[in-house]
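Novice: My structure is below; once you've seen it, I'll send some questions.
The values are calculated or read from the model by the stated rules, or taken from the named source; none is laboratory data. Since the structure is predicted, the reported quantities are computational estimates derived from the model, not experimental observations. Counting neighbours? That spans all protein chains shown, and the Cβs are built from the backbone with ideal geometry, glycine included.
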Amino acid sequence: MRVAIIVTLVLLLAICIGLMRPERLLAQHPPGSAAAVPSAAQAMLVVRRLSGQPHPTGSDENARVREYLLAELRSLGLDPRVQTAFVSTNAAYGVSAGEIHNVLFRIHGRQRGKALLLMAHYDSVANGYGAADNSASVASILEVVRTLKTGGSLRNDVIGLFTDGEEAGLLGARAFVEQHTWARDVGLALNFEYRGNSGPVFMFETSTGRGELIRGLSLASHPFSSSLMYEVYKLLPNDTDFTVLREAGIAGMNFAAIDGLSVYHTQLDRAEALSLDTLQHQAELMIEMVQHFGEQDLSQLVASDRVYFDFPALGLVSYPVSWVWPLSLCTALLFGLALWTGLARGALRIRHIGLAIPMFFLMALAISSGAVAVLAGMQWVCTNHRYVAEVEGHHWYWLGFVLLGTGAYIVIQSRLRHWISSMNLAMGAALIWLAALLASAAWAPGLSYILTWSVAPTLIAWTVIQARKGEPLSENTKLMMLTVGALPGMLMFAPLIHSLFVALSTHAAGIVLIVLVTWIGLTGPLLGCLAQRFARPALLLAAGATLTLAGLLTNQFGEHPPRAVNLSYVSDCASGHAYWLSTDAKPDPWTQPYLGQHPVKRQLQEVFGENSREYWVASAPDLHILPPSIDMLEEAQQGDIRTLRVHVKPMRQAPQMRVFVENAVVMGASIDGVTVSGEPNDAWVLEYHAFPESGVDIELRVKANAPFRIRAVSRSYGLPAMVQPRGPELIAEANSSGDTVQASCSLELSYAPSRSSRR
């Protein structure tokens with residue numbers, strides 16, 4: 001009993017160590033401090049100045065932020081400049097384009113050569129204040145510059161780039177790479193982002209040939225990264241400014257803090273909600289990277305890729321990718337040895353191991369389904385859980401889910417022991433792990449480390465226990481050996497489970513529980529021993545239920561986090577009608593005065609064309625919003641291709657314009673003589689940010705078999721003055737067209753058949 005208690009305490013300690021990120025209590029330097037280390041307090045003052053209001057590309061507030069940055073850089077003794085450029089990029093819907101204003105500066109080094117680029121975007125989304133995303137990164141760069149000015153010059157030039165238009169489709173980064181001469185000087189790029197507002201700053205993406213980059217990162221005081229993150233990120237549709245540089249062949253690393261998802265791209269992203277510890281970690285990591293790579297020969301960075309991960313007490317561990325296959329084959333040999341010794345001693349049976357594999361998948365599915373059921377219960381009790389990216393009091397729930405999942409696994413395993421022993425079940429799980437390891441070695445080597453170093457020590461422990469000749473090992477000795485074999489995996493999986501909850505949110509607990517069960521499968525014999533001695537699964541289940549209940553009881557949905565509601569105003573000049581629109585799942589009491597008691601949900605094709613999404617629609621008063629104009633400048637036809645040149649003008653202050661062609665195939669398009677698309681597209685859309693008040697000339701090459709239409713919709717930020725402000729319990733919906741005033745006009749074009757068609 002005493003040994004079992006000690007083992008349990010050791011396991012709990014390992015879990016705590018794995019979960020605890022070494023976010024040390026960082027000394028706060030007072031504003032104006034001349035200390036040669038960055039100060040989060042100083043950076044926070046800048047964040048507050050940058051994030052007072054939303055500042056999307058093309059807005060007046062965006063221009064104010066830009067002028068503030070220029071003034072700050074000049075006060076640091078630098079000579080900043082603004083890159084103003086028109087740029088476009090292909091998007092899923094068609095073309096994203098705009099006029100952007102990047103802010104750049106350069107600190108000259110001691111030697112000529114490749115430069116180090118520090119990059120962060122300064123624009124925000126239209127409905128978010130952007131304190132974390134990405135004013136915090138901008139402020140950290142300014143603080144790093146202040147710190148660098150207190151010391152001697154580095155070997156390499158340091159280029160600072162504050163991009164505009166990141167939220168509009170990575171436009172600023174594309175303009176820099178394609179049009180600025182300094183882009184050719186860059187040897188290494190470090191991009192900094194936020195997806196939340198707290199937690200450690202992770203390095204989650206690198207360029208290929210990253211060996212030297214990982215070695216440099218490992219020298220930082222608190223590096224958080226793993227090649228697993230990189231492998232997962234490659235599968236996601238997400239992009240940042242670094243994507244543009246990586247595709248251009250520029251080496252680099254991408255950093256972000258990801259905890260605090262509820263504030264992301266919302267009006268909750270304010271300076272007062274930003275973690276000072278995260279800001280300090282970012283600034284210190286940034287200065288360490290600058291000081292290291294600022295002294296390296298950046299033309300000699302290419303090296304073989306490495307597998308890497310951070311491990312408690314060891315920091316960032318890495319080894320060459322070339323080791324992956326030898327390590328994987330050694331793990332396969334260990335599995336074979338454990339299987340052979342188990343069969344020889346009668347502890348394992350091939351038939352039982354084969355049966356364990358589908359049984360293991362069924363257990364994972366059952367436990368995951370249980371988590372989904374608990375989530376449904378949470379949402380039934382706290383309806384606001386349905387409407388936020390992350391639930392309140394989520395740490396209670398996370399630990400509760402882990403305990404419930406572990407307890408459920410032990411219960412199911414104990415019920416199966418009459419048909420399949422815990423060792424046979426664990427060998428079935430190990431076989432699944434081995435298959436996953438060999439697959440990762442072939443297609444995702446960055447994932448292999450967590451499979452190798454979790455299963456290999458366990459297999460060694462099983463082999464030693466089963467290979468014992470003569471007098472069998474005592475139960476206490478077995479317990480200790482199983483514990484030693486499980487510890488490396490536990491120290492790796494505890495932070496992985498935590499990171500998955502952070503990255504995917506509590507709403508994805510079902511997915512996280514599947515990953516948890518895959519690891520628990522390897523520890524089945526250990527958990528079975530503990531359950532038989534004293535750690536009854538009922539205790540785990542009760543503890544998990546208690547923690548889940550604690551999350552519900554401590555849930556405080558009042559002013560934080562508020563409920564997101566959507567409303568916009570649209571005027572259509574063709575019909576002379578105006579509308580209130582909402583994309584909410586169901587009408588909200590705040591929108592009721594505008595949508596009425598019985599709003600209709602339908603497509604608004606008369607304004608947005610046949611590809612319109614569905615809205616709650618109600619008639620609105622005519623506020624005399626000036627619609628954009630579309631004037632035909634030139635028209636020609638060659639064969640069945642019709643070339644049109646039109647001038648589109650907003651007629652009011654509207655930073656964003658959408659132009660789309662209906663009932664025709666756009667074969668190519670250019671804006672003011674710059675080609676923006678050349679592939680046929682039967683649902684072509686142009687989304688133009690920072691649309692000039694003087695308008696632009698758009699040339700379209702169109703193939704049409706019937707009358708077609710060119711439509712323009714101008715969009716300005718903010719709701720009409722007649723709309724009552726939201727209360728503190730409400731915010732604008734993130735990543736939507738809400739809180740905008742839109743005006744639509746169209747140009748009807750008749751069908752003009754070619755001569756061949758007339759015949």
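Novice: Please find, among L496, L487, L513, L479, the residue that is on the phi < 0 side of the Ramachandran plot and touching a Cys at 6+ places or on another chain (Cβ under 7 Å).
Specialist: L479
Novice: Could you list, in sequence order, the residues of region 486-534 that are among the small types (G, A, S) and surrounded by 19 or more Cβ atoms within 10 Å (Cβ to Cβ)?
Specialist: If the condition is that a residue be among the small types (G, A, S) and surrounded by 19 or more Cβ atoms within 10 Å (Cβ to Cβ), then A486, G489, A494, S499, A503, A509, G510, G521, G524, G528, A531 are the ones that fit.
Novice: Checking the condition over 27 Å from the mean Cα position of the chain (by Cα), outside the structural domain of K586 (by TED's automatic domain parsing) and closer than 21 Å to I520 by Cα, which residue from A364, A313, A356, A371 passes?
Specialist: None of the others qualify; the one that does is A356.
Novice: Tell me, which residue of region 714-740 that is of a type in the set (A, V, I, L, M, F, W, C) and over 20 Å from G165 (Cα atoms) is farthest from the chain's Cα centre (by Cα)?
Specialist: In this case the residue turns out to be M722.
Novice: Can you tell me which residue in region 585-594 is surrounded by the fewest Cβ atoms within 10 Å (Cβ to Cβ), limited to those that are in contact with a Phe, Trp or Tyr (Cβ under 9 Å, 6 or more places away or on another chain) and in contact (Cβ under 8 Å) with a residue 24 or more places away in the chain?
Specialist: The residue in question is P587.
Novice: Within region 620-650, which residues are surrounded by fewer than 12 Cβ atoms within 10 Å (Cβ to Cβ), of a type outside the set (D, E) and part of a strand (DSSP E or B)?
Specialist: Listed by number, the residues that qualify are L633, A636, Q638.
Novice: Is it true that some residue in region 382-403 is in the same structural domain as L522 (by TED's automatic domain parsing) and more than 29 Å from A564 (Cα to Cα)?
Specialist: Yes, that holds for at least one residue.
Novice: Of all residues in region 393-425, how many are hydroxyl-bearing (S, T, Y), surrounded by fewer than 20 Cβ atoms within 10 Å (Cβ to Cβ) and at pLDDT 90 or above?
Specialist: Total satisfying the criteria: 0.
Novice: Also: Taking L700 and the conditions (1) under 29 Å from the mean Cα position of the chain (by Cα); (2) buried (at least 21 other Cβ atoms within 10 Å of the Cβ); (3) without any contact (Cβ under 8 Å) to a residue 60 or more places away in the chain, which numbered condition does it fall short on, given that it satisfies the others?
Specialist: L700 satisfies all of (1) under 29 Å from the mean Cα position of the chain (by Cα); (2) buried (at least 21 other Cβ atoms within 10 Å of the Cβ); (3) without any contact (Cβ under 8 Å) to a residue 60 or more places away in the chain except (1).
Novice: Could you identify the single residue in V713, V696 that is in contact with a helix residue (DSSP H, G or I) (Cβ under 8 Å, 6 or more places away or on another chain) and among the β-branched types (V, I, T)?
Specialist: The unique qualifying residue is V713.
Novice: Only one of Q296, Q300 is loosely packed, with under 15 Cβ neighbours inside 10 Å and either under 26 Å from S225 (Cβ atoms) or touching a Gly at 6+ places or on another chain (Cβ under 8 Å) (or both); which?
Specialist: Just one listed residue meets the conditions, Q300.
Novice: Looking at (1) closer than 26 Å to V517 by Cβ; (2) surrounded by fewer than 16 Cβ atoms within 10 Å (Cβ to Cβ); (3) in contact (Cβ under 8 Å) with a residue 24 or more places away in the chain; (4) among the small types (G, A, S), which is the only condition G336 fails?
Specialist: Condition not satisfied by G336: (3).
Novice: Based on this model, can you work out whether G446 counts as farther than 28 Å from G315 by Cβ, in a helix (DSSP H, G or I) and either under 26 Å from the mean Cα position of the chain (by Cα) or not assigned by TED's automatic domain parsing to the domain that holds L334 (or both)?
Specialist: It is false that G446 is farther than 28 Å from G315 by Cβ, in a helix (DSSP H, G or I) and either under 26 Å from the mean Cα position of the chain (by Cα) or not assigned by TED's automatic domain parsing to the domain that holds L334 (or both).
Novice: Take region 410-432 and flag every residue that is among the β-branched types (V, I, T) and outside any helix (DSSP H, G or I).
Specialist: Passing the criteria: only I420.
Novice: Could you list, in sequence order, the residues of region 651-688 that are in a loop (DSSP other than H, G, I, E, B) and more than 33 Å from the chain's Cα centre (by Cα)?
Specialist: Residues satisfying the conditions are M651, R652, N663, A664, D672, G673.
Novice: Name the residue that is farthest from the chain's Cα centre (by Cα), counting only residues in region 595-619 that are part of a loop (DSSP other than H, G, I, E, B) and in contact (Cβ under 8 Å) with a residue 60 or more places away in the chain.
Specialist: My answer is G609.
Novice: Taking into account only those residues within region 63-84 that are in a strand (DSSP E or B) and in contact with a His (Cβ under 8 Å, 6 or more places away or on another chain), which is nearest to P680 (Cα to Cα)?
Specialist: By that ranking, first place goes to T84.
Novice: Take the conditions modelled with pLDDT of 95 or more, crowded, with 23+ Cβ neighbours inside 10 Å and in a helix (DSSP H, G or I) and apply them to L437. Does it pass?
Specialist: So L437 passes the test.
Novice: Report the residue count in region 730-759 for those that are more than 18 Å from P627 (Cα to Cα) and modelled with pLDDT of 85 or more.
Specialist: The number of residues fulfilling the criteria is 7.
Novice: Pick from V290, V372: which is surrounded by 14 or more Cβ atoms within 10 Å (Cβ to Cβ) and within 28 Å of L404 (Cβ to Cβ)?
Specialist: V372
Novice: Next question. If you check Y569, Y579, which single one turns out to be under 12 Å from S744 (Cα atoms), of a type outside the set (S, T, N, Q) and touching a helix residue (DSSP H, G or I) at 6+ places or on another chain (Cβ under 8 Å)?
Specialist: Answer to the selection: Y579.
Rundown of residues vs (1) assigned to a helix (DSSP H, G or I); (2) touching a residue at least 24 places away in the same chain (Cβ under 8 Å); (3) within 30 Å of I465 (Cα to Cα), yes/no style:
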{"position": "G354", "(1), (2), (3)": "yes, yes, yes"}
{"position": "L362", "(1), (2), (3)": "yes, no, yes"}
{"position": "L399", "(1), (2), (3)": "yes, yes, no"}
{"position": "V402", "(1), (2), (3)": "yes, yes, yes"}
{"position": "A408", "(1), (2), (3)": "yes, yes, yes"}
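Novice: For region 68-82, state whether one or more residues are of a type in the set (A, V, I, L, M), within 26 Å of L285 (Cβ to Cβ) and in contact with a Lys or Arg (Cβ under 7 Å, 6 or more places away or on another chain).
Specialist: Yes; the residues of region 68-82 include at least one that is of a type in the set (A, V, I, L, M), within 26 Å of L285 (Cβ to Cβ) and in contact with a Lys or Arg (Cβ under 7 Å, 6 or more places away or on another chain).
Novice: Something else now. Looking at region 337-353, can you tell me whether even one residue there is of a type outside the set (D, E) and in contact with a strand residue (DSSP E or B) (Cβ under 7 Å, 6 or more places away or on another chain)?
Specialist: no
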